[in-house]
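Accompanying notes for the structure given below.
The values are calculated or read from the model by the stated rules, or taken from the named source; none is laboratory data. Everything quoted here is computed from the prediction, not taken from an experiment. Counting neighbours? That spans all protein chains shown, and the Cβs are built from the backbone with ideal geometry, glycine included.
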Amino acid sequence: MFIKIALICLISVAPLAAAPIDPNNVLDGCGQFASENCLVKNLNYYAKNCRPNGATGARGAVGSVGPTGPVGAAGADGTNGTTGPTGPQGSTGFAATGPTGPTSARGATGPIGANGTGTVGPTGPIGANGLIGPTGTNGPTGPIGSTGNNSFAFVYNTTSRVLVGGGGVVGNIVEFDTLGAITPGFNFVNAQQLITVDFTGTYLVEFTVLVPSAAQFSLLLGGSALIFPQSVYGSSVPDGVSTIFGQAIITLNANEGVSLLNTSNGSITLPTNVGGSEVTINASLIIQRLN
């Protein structure tokens with residue numbers, strides 16, 4: 001029975017246009033020449049679709065947009081465009097200076113390098129003399145130098161004096177009233193009737209005394225009772241004026257001195273105006289440095 005209906009359907013619809021196919025139906029291939037299996041499975045479906053096509057219905061509403069399809073393959077690179085014109089130069093930026101970082105610790109001292117072995121170069125030429133500097137200030141005055149052999153002191157007396165004798169010192173020293181001449185290195189102390197020296201050395205001492213009778217005179221170390229034994233001289237003339245001349249070489253230390261001393265047994269009066277009317281020197285003492 002089904003076969004008959006199918007044949008009738010096939011014959012009746014042969015000249016007609018094929019009906020549209022439902023892509024979601026499991027029975028695809030239904031059309032102008034539908035298979036027997038299709039007709040058997042769903043007779044109503046084929047009876048409906050095997051009818052002649054009616055007029056085209058109105059366009060249905062636009063369906064919703066389907067999901068986006070997968071990204072297609074990348075197209076080939078296009079050709080490079082021409083280089084555009086150079087843009088204007090931008091304004092200069094301001095770079096702020098950052099704060100100074102902390103000072104790092106001193107590193108360890110490296111080892112001393114080896115001594116060089118180069119040869120010493122030749123001595124350069126002597127430079128020109130510099131300008132003479134300003135004169136310096138005067139230094140302090142140095143000590144007085146020792147006097148030479150020509151240094152001396154000379155004193156004498158012209159007045160009448162009585163010199164006590166008897167071997168004592170007090171009143172026996174000859175007093176001199178005149179300083180004849182003196183050079184540096186000597187001093188005459190009038191109060192003590194003493195000639196002192198500034199330097200240690202050897203000295204020649206000479207003296208003269210006019211005496212009216214026998215007498216004796218010697219050199220005395222100033223400020224003491226010491227008589228230089230090599231300086232003792234005398235006269236034995238009992239009456240009349242005579243001259244005693246004495247000399248001695250003695251050693252004196254700095255600031256020591258000598259005096260002339262009457263070592264006679266009795267007093268002696270020094271005379272004046274002997275042999276003429278002029279004032280007579282009746283005693284003198286001279287000292288000269290030898291070295």
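Criterion applied to 213, 277, 259, 235 was being over 60 Å from the mean Cα position of the chain (by Cα) and without any contact (Cβ under 8 Å) to a residue 12 or more places away in the chain, and the one residue passing it is 277. When you check residue 184 against the structure, is it farther than 24 Å from residue 228 by Cα, at pLDDT 95 or above and surrounded by 11 or more Cβ atoms within 10 Å (Cβ to Cβ), yes or no? Against the criterion (farther than 24 Å from residue 228 by Cα, at pLDDT 95 or above and surrounded by 11 or more Cβ atoms within 10 Å (Cβ to Cβ)), residue 184 qualifies.
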